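Working notes for the structure below.
What follows is calculated from the coordinates using simple rules that are stated; it is not laboratory data. Treat the numbers as computed from the prediction; the structure is a model and nothing was measured. A quick note on method: Cβ atoms are made from the backbone with ideal geometry, for glycine too, and the neighbour counts reach across all protein chains shown.
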Amino acid sequence: MSSKGRLDVRFVTAAGCGLAAFIVGAASVASGGLQLQPKAGAPLQGLSAAELALFEAGKGLFETPLTDEQGLGPIFNKAGCFSCHTNPLGGWGSITVTRFGFSDKGTFDPLTHLGGPLHQAAAINQGCEESIPGPEIANVITLRVTNSSLAFGMIEAIPDAAILANEDPFDADKDGVRGRAHMVHAVEDCLQTPEGPDCTDVPLRVGRFGWKAQVATVLTFSADAAVNEMGLTNRFFPVENAPNGDLALLALCDNVPDPEDVADQDGFDFVDRVTHFQRYLGVPPQTPRSGMSGEAIFNAIGCAVCHVAEWTTADDPSLEDAIRNKTIRPYSNFLLHNMGLLGDGMVDGDAGDLDIRTPTLWNLATRDPMLHDGRAAGGTFFDRVAGPGGAIWWHNVIGSEAQGSASAFFALPFFEQVEVVKFLQSLGRLEFDSDRDNEIDYFDFLDFKACFDFGGDKISPDDECAVHDINQDGVVDLIDFQWFLLAYEGVNGDCNDNGVSDLEEILLGAPDDDGDGIPDDCAAVCVGDIDGSGSIDGADLGALLGAWGTANAGADLNRDGTVDGADLGILLGAWGSCP
């Protein structure tokens, strides 16, 4: 297709949503292996209808708070998974929880008899609250930020042997990095008893979830979080947490028989349902997909020793097709590393007091705060990553295995530091999202047009225009525009009914001085006719009010990104039959 050609576009009316473009030929591009990257929080690509139904059912429970009658509490941190996993739903959060214990001369006591090591900050009844013991008892107190659950099923499907192949517990290569796997039990492998799982003689698996890599599977993660964060006892953890270990107080406060999590009409418990959601959460986007010079610098200074970019899931017939034998780029080795002064002082199984599991970096672009306790927070993305007190700054502390690579980063010329940070900010960025608002709208179209009109030499992946070069051929052209229209979330009509979309007309030179996304020389259109009925009436008003406060493209009549009073004014001013 030449850069002067036109796209073959067909239009249908979508009631309440304006006109949607269907691009003929996009499927042929997709058959060559290219696909739009979904937003973070979307389901995995390639799920079957049944698997997608499980994802949606699990999502519904994930974003719904538990009630006291369902088994919330009596002590808990939050009433629902969504309260902590917020960016996006199922992703990183900004909520912190408190953990405590007692450390003395190389020994560590998690103070389980006093309600440790996790402090539950809320209670369903006054008088049932849990407190943190005083400093003479709990001399280690630390915060933990919620981990992301994105693409958990993909991470679980990485073979244990592949993770173990990266271990170097004795620093055989003398690079100062001693990563080691945390071998743990998966509760679903263990004998279930009224007192909890009996894991005697059960084989160990490689832990890969949690700040201490203390969890091996998504189901274990869900069951553990259910009882410890929400107080929901379940078939794996049937014993309630007592406030500060006080069983008498527990008896007064807990009125729901254990285990509280019971099967629904389809035979699934709550922990099964939210496991389905997390297991089928998709891989977050990365734009440009590969090749930025900042990543080459990132690798050269040693960051990739721990933040291993690429993994392939197991080619196991028992896995779902959407998960089996897939290449993913989480940027983690899932191993424990001694982080020196960045450590949290807590011991968890075989994970020592200074050990932290390498976190994934995918979707880092939207993460605030950063680090295990959220100490790198606020400011710009550069501030959080590379500024004083930022994540890399905290890697460069006494005792940290990452000190060598962090020191190498700060020894770089500033422009190379910027290139590294630009690469890190590509992790989580949508294609075509020039303004990084996670929406593909008219403002992104204008940026696409500027890049399309730029001409001249080919662009590199480091160029800002590379966000629009989906096939990374160095040119923002009409092939990329096919994909832009598929991703576009605004209204794209055909105002003069000539078979060419308004956006394409503007892209190829039609004037749009008023910035309404409709060529200025086009025949008059009926602004406000949201449902395409030929008049602006109560149905359109209802559609606009139903979309109030959102970025709904069909109801956002002035294209400012929000359906609000300005749009209502436009609609009311145009009330009646279309011209």
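The table that follows gives values for the structure above.
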| item | result |
| --- | --- |
| Alpha-carbon spread of region 69-228, three principal axes, descending order, Å | 55, 39, 36 |
| Packing rank of 100-107, 534-541, where each peptide gets the mean count of other beta carbons within 10 Å, highest leading | 534-541, 100-107 |
| Straight-distance crosslink candidates among lysines, where the alpha carbon sits under 27 Å from Lys174 and sequence neighbours closer than 8 are dropped | Lys212 |
| By average C-beta atoms within 10 angstrom, highest first, the peptides 411-417, 306-312, 369-375 | 369-375, 306-312, 411-417 |
| 5 Å-binned pair-distance histogram of region 50-96 (Cα, whole percent) | 5, 21, 23, 22, 18, 9, 2, 0 |
| Those lysines that a straight Cα-Cα span of less than 16 Å connects to Lys39, excepting residues fewer than 8 apart in one chain | Lys59 |
| Region 93-181: Rg to Rh, with Rh as the Kirkwood radius over Cα pairs | 1.11 |
| Contact order relative to length of region 309-420, as percent, for alpha carbon pairs under 8 angstrom and 6 or more apart | 19 percent |
| Residue (of Gly210, Leu52, Ala402) at the positive-pole extreme of the chain, dipole from beta-carbon charges | Ala402 |
| Karplus-derived HN-Hα couplings along region 336-352 (A = 6.51, B = -1.76, C = 1.60, θ = phi - 60°), whole Hz, x at Gly and Pro | 7, 9, 6, 9, x, 5, 7, x, 9, x, 9, 9, 9, x, 8, 7, x |
| Net lengthening on full extension, Asp560/Asp201 (0.36 nm per residue, minus Cα-Cα) | 123.1 nm |
| Calculated from backbone phi, Karplus (6.51, -1.76, 1.60) coupling profile of region 205-217 in Hz, x at Gly/Pro | 10, 7, x, 8, 10, x, 5, 10, 6, 8, 10, 9, 9 |
| Residues with amide H under 5 Å from that of Gln286, placed H, sequence gap 5 or more | Gly428 |
| Region 499-579 - charge dipole about Cα centre, Lys and Arg +1 at Cβ, Asp and Glu -1, debye rounded to 20 | 300 debye |
| Prolate/oblate/rounded label for region 271-377 (Cα gyration tensor, a/c 1.5) | oblate |
| In sequence order, calculated HN-Hα J values of region 389-402 (Karplus, 6.51, -1.76, 1.60; Hz; x Gly/Pro) | x, x, 4, 5, 4, 6, 6, 9, 10, 4, x, 6, 5, 8 |
| Once the Cα gyration tensor of region 223-318 is diagonalised, semi-axes √(5λ) in Å | 43, 20, 11 |
| Student exercise, region 126-238 dipole from Lys, Arg, Asp, Glu Cβ charges, in Debye to nearest 20 | 220 debye |
| Centroid-to-centroid separation of region 352-384 and region 486-537 [C-alpha atoms, Å] | 43 Å |
| Within the chain: Cβ-based charge dipole about Cα centre, in debye rounded to nearest 20 (Lys, Arg +1; Asp, Glu -1) | 1440 debye |
| Directionally averaged shadow of the chain, computed from the convex hull of its alpha-carbon atoms, nm² | 30.4 nm² |
| Shape of region 292-340, Cα gyration tensor, a/c cut at 1.5 | oblate |
| Extension reserve of the Ala408-Thr107 stretch, reckoned as 0.36 nm per residue once the Cα distance is removed | 104.9 nm |
| Hydrodynamic radius of region 452-504 per Kirkwood, over alpha carbon pairs, in Å | 12.3 Å |
| Candidate aspartates and glutamates - alpha carbon under 14 Å from Lys105, same-chain residues fewer than 8 apart omitted | Asp353 |
| Bins of 5 Å from zero: percent of alpha-carbon pairs in region 171-287 | 2, 10, 15, 19, 17, 13, 10, 6, 4, 2, 1, 0 |
| At least 20 Å along the helix axis (C-alpha) and Kyte average at least -0.5, DSSP helices within the chain | none |
| Among Thr287, Pro238, Thr275 - extreme Cα towards positive end, dipole of region 224-303, charges at beta-carbon | Thr287 |
